[in-house]
Amino acid sequence: WPRTSGRVDGAVTIAGVDVRDLAREYGTPLYVVDEDDFRSRCRDYKAAFDGGDVYYAGKAFLCREVARWVDQEGLGLDVCTSGELAVALSVGFPPARIALHGNNKSYAELEQAMTAGVGRIVVDSFDEIARVGFLAEKLGVRAQVQIRVTTGVEAHTHEFIATAHDDQKFGLSLNSGAAAEAVRRVLALPGLDLVGLHSHIGSQIFDTAGFEVAARRLAVLLTQIKDEHGVVLPELDLGGGYGIAYVDGDDAPDIKVVADSLREIIRRVCEDAGLPVPRLTVEPGRAIAGPGGVTVYEVGTIKDVEGIRSYVSVDGGMSDNLRTALYGAEYTCVLASRSSDARPVLSRVVGKHCESGDIVVRDTWLPDDLAAGDLLAVPATGAYCRSLAHNYNYLPKPAVVAVRDGVSRVIVRRETEDDLLRGQA
Ligand code: LLP
């Protein structure tokens, strides 16, 4: 739950705003973002990684207003398409604090980023190194480059969001020697400045041992680079992936403790190798945007499957939260518009799409007197919900409303059916 959430008269409030008022004013489903929660997590990361850089990973949730918050809090921004870059540039986000990611950046995307003057390009493949080299020459600019290294770490998370083993699409493998070859190629190109190594082992990670293993392996490569090329790289980026609590009992890592231990490991490994300690940078997305977001739905129909469970259908579903269907993600939810002392019933909260896998909350307990018109709130939906939203069955995407100090305002308006028809022959 957002840091400011509570209950007044039985109804959930976020930053002092009653969800019943939000539903009345903006309709449902509705994404609600607690602005202070988002900003305070930016500050926590900045404080924890003091002396390094924190890039907010925009893929978790990006819109123009969020880009402004990130800028105002002094963080950098990780973008991975020209679309995300366009959002950032449209609000004057300083390009020097933007890092461009992606395993298949097009010439056009790279050209747009390099022309804008983005601060970092994280190269992901041999093809891309050649593309950046070509464009640097063509545009007459220099590109500050990090190499994305896959360290062979098996992150303990869902297969689709583990990214450091060799048999997946991202990065240049440490084990196969591709990373070392990438270093040679980048150093050989005149328009490229190699500033560091990058690793992102995966997402929603609780066991921080994986980051430590990655850091150790990267430090070994830093040493090899120094020995082979006489080059000392100033930066080490350990990516994002810090897990958050979705359901009771999830125990999210304390970021201060993680930061201290990573710094200590890097210091030790580098000192042992006679290397100066590189600047440590990170790219949290979920851990900044996730906890401060709540999705509010209205209950439409309820079907009781005798002796098994109750199916509670809400007015959104897999189009506004794909994570349950895609990753088997776990969520919880509460009756948000009132309190109830009725007997709890095992319930599954489902959407209105034409799929039986259209599940928002797989297992939860909701009161027996739940009825159409009640509001349900699903916490921890600030990351990878609006950004993964889609229009299956022509459902318009919900609005995003920011709340702060008892005041709410739309930061992304609800899509309309006109929006969905626009552009069709
Ligand atoms: N840096 C890089 C290079 C990344 O690929 C990602 C996430 C991040 C940083 C931020 O990771 P975070 O701190 O948010 O875990 N849609 C999935 C998550 C996909 C993550 C993709 N990359 C989900 O909903 O769980």
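On the basis of being away from the ligand (no atom under 15 Å from the Cβ), surrounded by fewer than 21 Cβ atoms within 10 Å (Cβ to Cβ) and closer than 16 Å to Ala155 by Cα, does Val257 make the cut?
Details: away from the ligand (no atom under 15 Å from the Cβ): yes; surrounded by fewer than 21 Cβ atoms within 10 Å (Cβ to Cβ): yes; closer than 16 Å to Ala155 by Cα: no.
So Val257 does not fit the description; no.
Taking segment 81-96, which residues are more than 22 Å from Gly292 (Cβ to Cβ) and surrounded by fewer than 21 Cβ atoms within 10 Å (Cβ to Cβ)? Full working, then the answer.
Within segment 81-96, the subset more than 22 Å from Gly292 (Cβ to Cβ) is 81-83, 85-86, 89-90, 92, 94-96.
Within segment 81-96, Thr81, Ser82, Gly83, Ala86, Leu89, Ser90, Gly92, Pro94, Pro95, Ala96 qualify.
Return the only residue of Val118, Val66, Val145, Val149 being under 21 Å from the mean Cα position of the chain (by Cα), surrounded by 23 or more Cβ atoms within 10 Å (Cβ to Cβ), free of Cβ contacts under 8 Å to residues at least 60 places away in the same chain and within 15 Å of the ligand (Cβ to nearest atom).
Working: Val66 fails: free of Cβ contacts under 8 Å to residues at least 60 places away in the same chain; Val145 fails: under 21 Å from the mean Cα position of the chain (by Cα); Val149 fails: free of Cβ contacts under 8 Å to residues at least 60 places away in the same chain.
On inspection, the qualifying residue turns out to be Val118.
Looking at (1) at pLDDT 85 or above; (2) under 18 Å from the mean Cα position of the chain (by Cα), which one does Ala155 not meet, given that it meets all the others?
(1)
Would you be able to say whether some residue in segment 304-312 is free of Cβ contacts under 8 Å to residues at least 40 places away in the same chain and either among the β-branched types (Val, Ile, Thr) or within 16 Å of the ligand (Cβ to nearest atom) (or both)?
yes
Can you say whether Gly249 is assigned to a loop (DSSP other than H, G, I, E, B) and out of contact with any Cys (no Cβ under 9 Å at 6 or more places or on another chain), as far as the supplied structure shows?
So Gly249 fits the description; yes.
For segment 259-351, which fully contained strands (runs of 3 or more DSSP E) count at least 1 residues that are within 20 Å of Leu197 (Cβ to Cβ)?
Details: elements: 279-282, 293-305, 309-314, 344-350.
The strands (runs of 3 or more DSSP E) meeting that bar are 279-282.
Hey, among the residues in segment 171-195 that are β-branched (Val, Ile, Thr) and not in a strand (DSSP E or B), which one's farthest from Ala143 (Cα to Cα)?
Taking segment 171-195 as the starting set, the residues that turn out to be β-branched (Val, Ile, Thr) are 183, 186, 195.
The next check asks that each one be not in a strand (DSSP E or B); those that pass are 183, 186.
Numbers: Val183: 14, Val186: 10 Å.
Among those that are β-branched (Val, Ile, Thr) and not in a strand (DSSP E or B), it is Val183.
Has segment 257-267 got at least one residue that is more than 16 Å from Gly241 (Cβ to Cβ) and modelled with pLDDT of 95 or more?
no
Give segment 104-115 a look and list any residue that's touching a Lys or Arg at 6+ places or on another chain (Cβ under 7 Å) and either among the aliphatic types (A, V, I, L, M) or buried (at least 17 other Cβ atoms within 10 Å of the Cβ) (or both), or say none.
Residues of segment 104-115 touching a Lys or Arg at 6+ places or on another chain (Cβ under 7 Å): 107, 110.
Leu110, the sole residue that qualifies.
Can you tell me which residue in segment 159-170 is nearest to the chain's Cα centre (by Cα), limited to those that are within 16 Å of the ligand (Cβ to nearest atom) and in a loop (DSSP other than H, G, I, E, B)? Walk me through it before giving the result.
Of the residues in segment 159-170, the ones within 16 Å of the ligand (Cβ to nearest atom) are 159-165, 168-170.
Now narrow it down to the ones that are in a loop (DSSP other than H, G, I, E, B): 163-165, 168-170.
On the way: Thr163: 14, Ala164: 17, His165: 20, Gln168: 19, Lys169: 19, Phe170: 17 Å.
This residue is Thr163.
Is it the case that some residue within segment 339-348 is within 19 Å of Val312 (Cα to Cα), crowded, with 21+ Cβ neighbours inside 10 Å and either of a type in the set (D, E, K, R) or touching a Phe, Trp or Tyr at 6+ places or on another chain (Cβ under 7 Å) (or both)?
Step one: filter segment 339-348 for residues within 19 Å of Val312 (Cα to Cα), giving 339-348.
With crowded, with 21+ Cβ neighbours inside 10 Å added as a condition, the list becomes 347.
Cutting the leftovers down to either of a type in the set (D, E, K, R) or touching a Phe, Trp or Tyr at 6+ places or on another chain (Cβ under 7 Å) (or both) gives us 347.
Yes, segment 339-348 has at least one match.
Select, from Ala289, Ala336, Ala273, Ala342, the only residue that is among the small types (Gly, Ala, Ser) and at pLDDT below 95. Walk me through it before giving the result.
Working: Ala289 fails: at pLDDT below 95; Ala336 fails: at pLDDT below 95; Ala342 fails: at pLDDT below 95.
Of Ala289, Ala336, Ala273, Ala342, the one residue that is among the small types (Gly, Ala, Ser) and at pLDDT below 95 is Ala273.
Anything in segment 36-63 that is more than 12 Å from the ligand (Cβ to nearest atom), out of contact with any Leu (no Cβ under 7 Å at 6 or more places or on another chain) and outside any helix (DSSP H, G or I)? List them, or say none. Show your work before the answer.
Step one: of segment 36-63, the residues more than 12 Å from the ligand (Cβ to nearest atom) are 36-40, 42-44, 46-53, 63.
Still in the running and out of contact with any Leu (no Cβ under 7 Å at 6 or more places or on another chain): 36-40, 43-44, 47-48, 50-51, 53, 63.
Answer for segment 36-63, where residues must be more than 12 Å from the ligand (Cβ to nearest atom), out of contact with any Leu (no Cβ under 7 Å at 6 or more places or on another chain) and outside any helix (DSSP H, G or I): Asp50, Gly51, Asp53, Cys63.
Assigned by TED's automatic domain parsing to the domain that holds Leu376 and either closer than 20 Å to Ala11 by Cα or not aromatic (Phe, Trp, Tyr) (or both): does that describe Val282? Quick ask: steps written out before the conclusion?
Working: assigned by TED's automatic domain parsing to the domain that holds Leu376: no; either closer than 20 Å to Ala11 by Cα or not aromatic (Phe, Trp, Tyr) (or both): yes.
No.
Please work out if Arg386 is within 16 Å of the ligand (Cβ to nearest atom) and not in a loop (DSSP other than H, G, I, E, B). I'd like the intermediate steps shown before the answer.
Numbers: within 16 Å of the ligand (Cβ to nearest atom): yes; not in a loop (DSSP other than H, G, I, E, B): no.
Taking the combined requirement at face value, the residue does not satisfy it.
Please pick out the residue among Arg263, Arg286, Arg267, Arg279 that is basic (Lys, Arg) and farther than 28 Å from Phe38 by Cα.
On the way: Arg263 fails: farther than 28 Å from Phe38 by Cα; Arg286 fails: farther than 28 Å from Phe38 by Cα; Arg279 fails: farther than 28 Å from Phe38 by Cα.
Exactly one of Arg263, Arg286, Arg267, Arg279 is basic (Lys, Arg) and farther than 28 Å from Phe38 by Cα, namely Arg267.
The values are calculated or read from the model by the stated rules, or taken from the named source; none is laboratory data. Owing to the predicted nature of the structure, the values given are computational and were not obtained by experimental measurement. Neighbour counts are summed over all protein chains in view; Cβ atoms, including those assigned to glycine, are modelled from backbone coordinates with ideal geometry.
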